[in-house]
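Below is one structure; the comments refer to it alone.
The values are calculated or read from the model by the stated rules, or taken from the named source; none is laboratory data. Small disclaimer: the values here were computed from a predicted structure and weren't measured. Every residue, glycine as well, gets a Cβ built from its backbone with ideal geometry; the counts of neighbours run over all protein chains shown.
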Amino acid sequence: MGARSYPVGMSPDVEQHAALVALLRAKVRGYTWHDVATDVWMVGDAMALWRDRATGDGLVADPRTGAELASAREDVLRWRDQGLRLISILDEDFPARLRDIREAPPFLFASGHLTPDDAGMSVVGSRKASDRGHQVARAAAQILADKGLTVIAGLAEGIDTTAHETALEAGGRTVAFIGTGITRHYPARNRALQEEIARRGLVLSQFWPDAAPTRHSFPIRNSAMSGYGMGTIVVEAGETSGTRIQARVAVEHGRPVILTDMVAERTRWGAALVGRPGVRVVTGAGDLSRTIDEVLDQQDALGRALDAFAGFAPTAA
């Protein structure tokens, strides 16, 4: 790959971000955001992909592409002026685990303290949680905080809210994956909580800054939450709860899934997950704490094995 060139006065990251935004907005038929993220990550240069699109199969650039890139550049600079932090899949501070999943987002907007290799687990469940559900969510978040792990949740009402609040009360770290743009507050009653998480933890969005909530955005958010964390703890959920999407996707991602007995015994989808690789069922706080320790031990063992494999070099005959 040849040396990259950028307009005078423009930093490489602005131009890379602008090219990525332009690619995503191009909406080429059959070329999804996932395809863009994959291609950008594999090539390692969003601008190179954009130039390739501009020329296409011909030798003359499409005159529209210059305007599209300029418009994307203006937006990137405007977001920066507004204090919004844009991170592309190419950036060093993009969450490391999130790159590993098939649904890795091409970018994130971040508000708060970003840690590329954040060690944490999701605590998820029903928006209309029972008293026991709230108790279990508090216990799960407290256990994670006590172990120095990040509590990850989706800032929704119910279980998510309880998990975030407990982590903050315990002096721990919490990360909120939201299903809207970073400038939005949904639900509105959690605005103060979202702002507190941004001050003391991290708020992440994989949507355009002013994007409103939709029925599609939350399942997309759940997939990214699964990829970001080391595992998912499902506290309480109904038969049609969106939480089941994260549990199933987490299994596909190869991430541990910890189900409470409430989920395993009271939902058909929970029962169907029991026995799948990486799925565990817990019956109380002590059991949950031990299971989290087991997951951490397995992660450590896997990390040591990968380090050893990476350092292996066959000797010459």
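The single condition among (1) crowded, with 17+ Cβ neighbours inside 10 Å; (2) in a loop (DSSP other than H, G, I, E, B) that His134 does not meet is (2). All of (1) at pLDDT 95 or above; (2) small (Gly, Ala, Ser); (3) over 19 Å from Ala145 (Cα atoms) hold for Ala198 with one exception: (3). Surrounded by 18 or more Cβ atoms within 10 Å (Cβ to Cβ) and modelled with pLDDT under 95 - does that describe any residue in segment 64-74? Checking segment 64-74: at least one residue is surrounded by 18 or more Cβ atoms within 10 Å (Cβ to Cβ) and modelled with pLDDT under 95. The residues of segment 270-288 that are crowded, with 18+ Cβ neighbours inside 10 Å and assigned to a helix (DSSP H, G or I), listed by number, are Gly270, Leu273, Leu288. Taken over segment 132-191, the criterion of being among the basic types (Lys, Arg) and touching a Gly at 6+ places or on another chain (Cβ under 6 Å) is satisfied by Arg173 alone. Does segment 216-239 include one or more residues that are more than 27 Å from Thr115 (Cα to Cα) and surrounded by 23 or more Cβ atoms within 10 Å (Cβ to Cβ)? Taking every residue of segment 216-239 in turn, at least one turns out to be more than 27 Å from Thr115 (Cα to Cα) and surrounded by 23 or more Cβ atoms within 10 Å (Cβ to Cβ). Out of all the residues in segment 99-116, is one or more hydroxyl-bearing (Ser, Thr, Tyr) and either surrounded by 22 or more Cβ atoms within 10 Å (Cβ to Cβ) or out of contact with any helix residue (DSSP H, G or I) (no Cβ under 8 Å at 6 or more places or on another chain) (or both)? Yes, segment 99-116 has at least one match.
Does segment 192-219 hold any residues that are assigned to a loop (DSSP other than H, G, I, E, B) and either free of Cβ contacts under 8 Å to residues at least 40 places away in the same chain or closer than 19 Å to Pro106 by Cα (or both), and which are they?
Hits for segment 192-219 are Gln206, Phe207, Trp208, Pro209, Asp210, Ala211, Ala212, Pro213, Thr214, Arg215, His216.
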